[in-house]
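See structure below.
The values are calculated or read from the model by the stated rules, or taken from the named source; none is laboratory data. What you see is a predicted model; the values in this text were computed from it and never measured. Here the Cβ positions follow ideal geometry from the backbone for every residue, glycine too, while neighbour counts run over all protein chains shown.
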Protein chains: 2
Amino acid sequence: MSDFLAHINGPDDLKRLSVAQLPDLAQEIRAALLRYCAAEGGHIGSNLGMVEATIALHYVFDSPNDRIVFDVSHQSYAHKMLTGRRRAFTDEALFGSATGFTNPDESDHDPFVLGHTGTSISLACGMAKARDLMGGENDVVAVIGDGSLSSAVAFEGLNEAAELGGNLIVVVNDNEMSIAENHGGMYAGLAELRATKGTSPHNLFRDMGLDYRYVEDGNDTSALVRAFEDVRGCDHATVVHIHTLKGKGLPADEEGRVEGNHWHDPDRPAGAAPALPNARKTYGGMAMDALAARFDDEPGLIVMSPATPGSNGITRQWRAAAGRHYLDTGIAEEHAVAMAAGIARAGGTPVLATSATFFQRAYDEIHQEFALNNVPGTLLVFAGGLAGADNTHSGAGDVAMFGNVPGLTCLAPTSGDEMLRMLAWTTGPAQRPVAIRMPGEAVLAGERGGAYPRFTATAGGCGRGDGDGDLDGATTDKTTDATAGDDACGDRGARISVDGIAATSDAGNPWARYSVTRHGSQVAIMGLGNAYPLAEDAAMELDARGIHATVIDPHQYSTLDHGTLEALREGHSLVVTVEDGQLEGGWGGKIAAYYGAHSDAHNDVHRDANRDAHSDVHGDANHAAHHDGLPMRVLNFGARKEVTDRITLPDLCRRYRLTAGDIAAAVCEASIQ
Amino acid sequence: MSDFLAHINGPDDLKRLSVAQLPDLAQEIRAALLRYCAAEGGHIGSNLGMVEATIALHYVFDSPNDRIVFDVSHQSYAHKMLTGRRRAFTDEALFGSATGFTNPDESDHDPFVLGHTGTSISLACGMAKARDLMGGENDVVAVIGDGSLSSAVAFEGLNEAAELGGNLIVVVNDNEMSIAENHGGMYAGLAELRATKGTSPHNLFRDMGLDYRYVEDGNDTSALVRAFEDVRGCDHATVVHIHTLKGKGLPADEEGRVEGNHWHDPDRPAGAAPALPNARKTYGGMAMDALAARFDDEPGLIVMSPATPGSNGITRQWRAAAGRHYLDTGIAEEHAVAMAAGIARAGGTPVLATSATFFQRAYDEIHQEFALNNVPGTLLVFAGGLAGADNTHSGAGDVAMFGNVPGLTCLAPTSGDEMLRMLAWTTGPAQRPVAIRMPGEAVLAGERGGAYPRFTATAGGCGRGDGDGDLDGATTDKTTDATAGDDACGDRGARISVDGIAATSDAGNPWARYSVTRHGSQVAIMGLGNAYPLAEDAAMELDARGIHATVIDPHQYSTLDHGTLEALREGHSLVVTVEDGQLEGGWGGKIAAYYGAHSDAHNDVHRDANRDAHSDVHGDANHAAHHDGLPMRVLNFGARKEVTDRITLPDLCRRYRLTAGDIAAAVCEASIQ
C-alpha cells in the first residue's frame, strides 16, 4: 500500500499528489476509516462512500478560502484527515480527539458545528451572499446527501440558491439510500437521473433553477476532479450530482448493508454474543411489541418514524411484520408531525417516534397541527434528558421544549411497565395529543437491578422494589392504573392528607396526580422521569443523616398537581425537585414558582406558629410540625442552560450536583439556615 | 345581480345550481367579500382569487365526507360562505362571528385550525393514509398557494404524496405572487409551466412523482369543475395547478396591487389621512432607518425577511432603497435563519425580522445553526407577547421559546431608543447571536404620552418621564449605555447597594444588569419589556396604599442578574415579576426558582433577625429592614399556558390579573400573610 496519507497535514500536501495517485490515497484513507470505526464506532458507511469525493473536493478547491459545508457533517472524517487532523483517525492514542462532526473549534476548514440534516445549502447560500456583498472571490460548496435532501429546509435552500445570482456549488451525494432507505417521490426522480446518466429532462434541480452536472461514478477520483474543476469559479448555482456507494469497502455485516453501516458500534463485534440493548432500544422495542399485538384489531393504528427507526428499537424485522402499520417518512420531522395530525383527525391512531433533538425541527407543527388542533396522537420522545452525546444530539432541552406547549400532555414514565400503561392510554382512551418521554439509562439500570451504572455512583440506593423491574410483564391492557404507585412504599412515615384539596385541573389524565412513593417528613424529593431513581437515592442518603424524606414520582410535566403540592405543606418545609435536563424552562422551576405565588393554605395555623417558626427549624430533624405556615422552600436540581459536547453522564451529574450526596448535603444546608 | 348566495346553507344547495349559474354566484360572493373586508378587514386578495376555485371544489367534491384542507386557511372565506356560515360574511350583525381561518369548532367542513404555511399537504397525506388503512372511500384535497409552496414542509408533503399510493389531490393555487412577491428558483419553473400551459417537460410536480394537470384560467368555474371532476376519485396523487388572479375584483388601492391586498385594514379607508402606525411598523421602521443609514459604510449589513416585510415596517420604499442590503427569502423561516448564520460566519451582519410565531418554524435552526454556532447575528422578534390575535398568531409563547435557547442573548427593550441602542450593539460590538423582542403597543402607548390605551385601564400611572419618549431621537451611535436607566428615577427611595456582589455571568453584555428605575423598599416590581409600563403603574397604585415599591427594568431575559437579585434582599421581602407572555417556561419563574435555590447571602444578619422577623412584617409598611434573612417571596404575573383566539388585550389582562390594581392587591395580600 502507498504511504501518502502520513505526509498530508493539510490540503496543500494533497495538492502535491498527481491525480493518478489519488486512488491509492483513497485506499489508505478507507483502510484507516475501517480501523478507526472498528475501535471507536461512528458513521462508517457514509464516510466510506465519501472518501473519493472528499479527496477531489480538497484537490480542486482551496479550503478554507473556499468554503465547504458538509451537511449533517457526520460524513466529514476524510475531510478531517485531509485538513490537519489525520492522527485523530490514524493514531490510536489520539482516537476520539476529533469530534464526529465538523467543528470550528477544531479547524478553520470547518465552518460550522452541525448534526441535523438539510441546512448545508442554506448555510452555503449565506456564505455566498456575504461574499457577494463584501466583494469576495471564493467558491462556496455545500455537500449534501444520505437522505438529507428530503429534509424540508434543504428544499428551501435549493429554492434560494438559483436566485442568489453568484457562485454556489451543491454536491449531491446520491448513494441511493437514506439511513434506512429513502422515502418519497423525489427519489424516483433521482433514480431516473441515475438511469439516464443525468440526461433525463425530468430534473428536479434544473426545475428549481439550478445548473446541473452528473458524475456516474462518484467513487472515481479522476472523474470527480474533472467535474469539480469544471464548476469551480462558476458564476451561478450548480448542482454536481454524484452517484456513490455507501459503505464502499465495508464487508456486509450481520445487520445487512443498509442500516448496519450507518453507525458502527465497536462494542458489538460481528459474531459476538449481542450486548444487552440500551434504553432506547429496550423501551422502544417494548412499545413496538405492545402496539404490534393490536394491529390486527386496530386498522388505524400506525407507527411513524422520520428515519432512524433502528436506534429506537424499531427493528427491521418488526417493520417488516408491521407492514402498512409502519411508515418511514424519511428525514422529515415537520411533515411527520403534521401527517400524524392528519391521521388522527381522520380517525387513525398515530404513534410518532424519534429522538428529542430531532423533534426540534417540528416545534411549530407540534404547537399548531398537533396540540392546538387537539388531535389524539402520541409522540414517543427518545433520548430526552442528559446524556454524553455530542452537542447537536443532546436531549437536555426536551422538557423545556415539550413541557411549555399549550395543550400538550407530557408524560415521564419511571419504568417500562408504566411506559406501556401510558402508551395504552394515549393510544386508547386519552383522545388527546401526548408526548411520552421514553425512559433512559437511569431507569433501565434500576430495572435491571444494577447491571448498568445508576444515575450516580453513590453506594446504596433503595432501588425500586415495587415490582416494576419485570420487563417481561409488559401489558397491553388498555385500563390504566396511575395510582398504583401510591402503594409502592406502603405505610412508611406519616401519610400525607389530601382531603379537601382541589383536584388537579387536568381532568381525565390518570397521571395528572403525583404519586407519593415514600412517606416522610420535613423534606419532599420529587424526581421526574429518569431522575426518579436519584430522588430515591438521595432519600436513602438523608436517612443516614436523620432526615426521613418523602419521595414523589410526578409521572408528568405538563401540569402541576396542586393537590399534592398543597398537601406537602403539612409536615414539610422544603421541596427538592430533581430532573435530568435543563432547569431553565424545565420542570422544577414551576414548582418553585408555584410555592412562591401561592401562600400557605393554613393561614390560621401560620399566624399562631410564626413567632417561633424559624428558631427551631433544625437541630431536631424530626420536629417538623412547626414549619407549617412558613413559605415552602424549593431547591431545583437539574442542568444549566448550556449545550454539552460528549461529556459523560457521570461527569455531567457531578457538574450539576445531580448526585445523592450533593442533594443530601444541599438539603442539610438549607435546613440549617 | 343574481340571488343564489342567500339560499346556500351548505354544499348541497350549491350542487343544485347549474354550472352555467356558478359565475353569477361567484360575482355575489366576490361582492360580499368586498363589503365584508371593507368593514372587518381580512386577507382580501387571496380570498378574492379563490372564489371560483372554492365554488368548483364544493360543486364537485362532497365535503365533509371528502376532506378539503386549505393551507394557512386564510383564503377560506368563500369556503365558509358555502358551508353554512354565509351570514357571518353577509349580515353585518354577524360580522366577526366566523374566524379568519378554518376551525373545526365552527364546522365539520373545517378539518383543522391552521394559520402557518405549508402543512396542508402533510395533513392531507395523513387523512389519506388513515382512510386507506381503515377502508374509507373519500377523496382528500389539499389547497395550497399564495407562496406557501416554498415553505419547506410543503416539499416534504409533496415528497410523501406520491409514495402513499392512494387518492390525494393537491390544488396548487398559482397567483404568481406570495404576500410580497415570490422568491426562489422554483417560481421560474412555475412560470415556465404557465407559459407552456402546463406542457413543459420541466415539471417540479411530475419530478416528485405526482400526476399533474393544468388549468389556465383558475377563475373560470366551468374549467375548474371539469378539472376537478376528472381527478375526483383518482387512485393516486395528482396536482391540479390552477392559475388564478389574486385580488380579482379589487380596485388597485394606494398600497398597490401586491402587498396591499394581502390584508385589508378597514381602519384606513382609501384617501383618509393615515392613522398612526402600530408598534410593529413604528419600531420596525425605526430599526430599518437606523440600519439603512449604515449601508454605505457596511457592505455586509443585510436585512432579511421571510415574507411579510410590510407588517414589520419594512416598507416597499425602504426595500427599494436598500437594494442588495435587503433579502426576502419567501416564506422559509428555517432557511432564513440558517442563511443568516452563513452570512454571519462569512463576515456579514445579518438582521432577520419576522413575527414571534413564525420563528417557531426555525426553532431547531435557532438552536443549532444560530446559537450553538455562536454566530454574530440579530433576530428581530415582532409581535411577541400577549395580543388579541387569533390562535395561530399569538406571540404569548415567545419568551418561553427564545429565552431557553442555550447561547442566545435575548433582549427586551422598553423604549424605541433602547431598542435602537440594542440594535446598534447587536449589529456591532456584540459579536454573538441575539434576539431582540421588538416593543409592543404598551411601550408605544407610553412613548406617545397616552395617545394609545395603556396596557391596563388603571387611571394614573407614572409614565416613563425619562426622555425615552422622544421617538425622533433615534440614534445609530454604536456606543451603548445600558446603565443610563439607573439614573432615571434619581434619588427617590433608599439606594440599593450592589457593592461586593458578584457581577453577572454574562460578561460583555451591556444589558445583562437590571436597571433599578425607581428606588423603594419592601417590594420590588420587575416588568419585562412590554410589561414594564405596568410595573410602573402598579408601583403608583401601591403608593396610595402606603407601600413605596422599587421598580426594575430587566432589559433582557436570557440571564438572571444575580447582583441585583442579591442586593434586593436588603430592604425587600417580596419580588413581583410581570411579563406579557406565558409564565410556564417564561421569565418570572426563573426569578422564583433563583430565590428558592439561593438562601440568604447575609446569614449572620439572618440569624440575628429571624426571631422577630415574621411578627412585624406588616402594619408598618416602611419598616422593612427586619425582613433581612427571610426567604424572598416571589409573585409571578403573566399568562397561563394556553392559546387564546381573538381575545382582546384588555380582556387578556383581566384574565391574567395583569392590571395595576390586581398586582397591588396581590402585594398587599402577600404582605399581610
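Yes or no, residue by residue, for (1) more than 14 Å from every other protein chain (Cβ to nearest Cβ); (2) closer than 25 Å to B:ASP12 by Cβ; (3) modelled with pLDDT of 95 or more; (4) over 21 Å from the mean Cα position of the chain (by Cα):
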| residue | (1), (2), (3), (4) |
| --- | --- |
| B:ALA78 | yes, yes, yes, yes |
| B:LEU82 | yes, yes, yes, yes |
| B:ARG86 | yes, yes, yes, yes |
| B:PRO111 | no, yes, yes, yes |
| B:GLY115 | no, no, no, no |
Notebook entry, point to check: Does the range A:406-419 include one or more residues that are under 22 Å from A:ALA346 (Cβ atoms) and without any contact (Cβ under 8 Å) to a residue 40 or more places away in the chain?
Noted result: yes
Next item on the list: Answer with yes or no whether B:ARG345 is more than 19 Å from the chain's Cα centre (by Cα) and in contact (Cβ under 8 Å) with a residue 24 or more places away in the chain.
Entry: yes
Check: Just to be sure, is B:ALA353 touching a His at 6+ places or on another chain (Cβ under 8 Å), surrounded by 24 or more Cβ atoms within 10 Å (Cβ to Cβ), aliphatic (A, V, I, L, M) and in contact (Cβ under 8 Å) with a residue 12 or more places away in the chain?
Finding: no
Next item on the list: Answer yes or no as to whether A:LEU423 is touching a strand residue (DSSP E or B) at 6+ places or on another chain (Cβ under 7 Å) and either at pLDDT 95 or above or in a helix (DSSP H, G or I) (or both).
Entry: yes
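Per-residue answers, yes or no, for (1) more than 15 Å from A:TYR557 (Cα to Cα); (2) polar (S, T, N, Q); (3) at pLDDT 95 or above:
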site: A:ALA412; (1), (2), (3): no, no, yes
site: A:GLN431; (1), (2), (3): yes, yes, yes
site: A:ALA445; (1), (2), (3): yes, no, no
site: A:ASP506; (1), (2), (3): no, no, no
Check: Quick check: is even one residue across the range A:156-179 within 8 Å of chain B (Cβ to nearest Cβ) and without any contact (Cβ under 8 Å) to a residue 12 or more places away in the chain?
Finding: no
Next item on the list: Take the range B:132-152 and flag every residue that is outside any strand (DSSP E or B) and either among the acidic types (Asp, Glu) or modelled with pLDDT under 90 (or both).
Entry: B:ASP132, B:GLU137, B:ASP139, B:ASP146, B:GLY147, B:SER148, B:LEU149, B:SER150, B:SER151, B:ALA152
Check: Are any of the residues in the range A:509-531 charged (D, E, K, R) and buried (at least 24 other Cβ atoms within 10 Å of the Cβ)?
Finding: no
Notebook entry, point to check: Is it the case that B:ALA188 is over 27 Å from the mean Cα position of the chain (by Cα), among the small types (Gly, Ala, Ser), under 22 Å from B:LEU245 (Cβ atoms) and within 8 Å of chain A (Cβ to nearest Cβ)?
Noted result: yes
Note to self: It is to be established whether one or more residues within the range A:398-411 are more than 7 Å from chain B (Cβ to nearest Cβ), farther than 24 Å from A:GLY310 by Cβ, among the hydroxyl-bearing types (Ser, Thr, Tyr) and out of contact with any Cys (no Cβ under 9 Å at 6 or more places or on another chain).
What the structure shows: yes
Next item on the list: Identify the single condition in (1) away from chain B (no Cβ under 11 Å); (2) touching a Pro at 6+ places or on another chain (Cβ under 6 Å) that A:VAL143 does not satisfy, given that it satisfies every other one.
Entry: (2)
Notebook entry, point to check: Among the residues of the range B:279-319 satisfying the criterion of being part of a strand (DSSP E or B) and surrounded by 24 or more Cβ atoms within 10 Å (Cβ to Cβ), which is nearest to the other protein chains (Cβ to nearest Cβ)?
Noted result: B:ILE302
Next item on the list: Output the residues belonging to the range A:546-571 that are in contact with a helix residue (DSSP H, G or I) (Cβ under 8 Å, 6 or more places away or on another chain), within 14 Å of chain B (Cβ to nearest Cβ) and more than 25 Å from B:VAL399 (Cα to Cα).
Entry: A:LEU565
Notebook entry, point to check: Under the condition of being more than 7 Å from chain A (Cβ to nearest Cβ) and of a type in the set (Gly, Ala, Ser), which residue from the range B:199-218 is nearest to A:TYR187 (Cα to Cα)?
Noted result: B:SER200
Next item on the list: Being within 22 Å of A:ASP66 (Cβ to Cβ) and more than 7 Å from every other protein chain (Cβ to nearest Cβ) is the filter here, so list the residues in the range B:320-348 that pass it.
Entry: B:ALA344
Checklist line | Search result, residues across the range B:352-373 that are more than 7 Å from chain A (Cβ to nearest Cβ), in contact with a Leu (Cβ under 9 Å, 6 or more places away or on another chain) and of a type outside the set (A, V, I, L, M) | finding: B:THR354, B:PHE359, B:PHE370
Next item on the list: Report whether or not A:SER63 is assigned to a loop (DSSP other than H, G, I, E, B), closer than 27 Å to A:ALA142 by Cβ, without any contact (Cβ under 8 Å) to a residue 60 or more places away in the chain and not aromatic (Phe, Trp, Tyr).
Entry: yes
Margin query: When the residues of the range B:360-405 are narrowed to those that are under 11 Å from the mean Cα position of the chain (by Cα) and assigned to a helix (DSSP H, G or I), which ends up farthest from B:GLY115 (Cα to Cα)?
Written below: B:ASP398
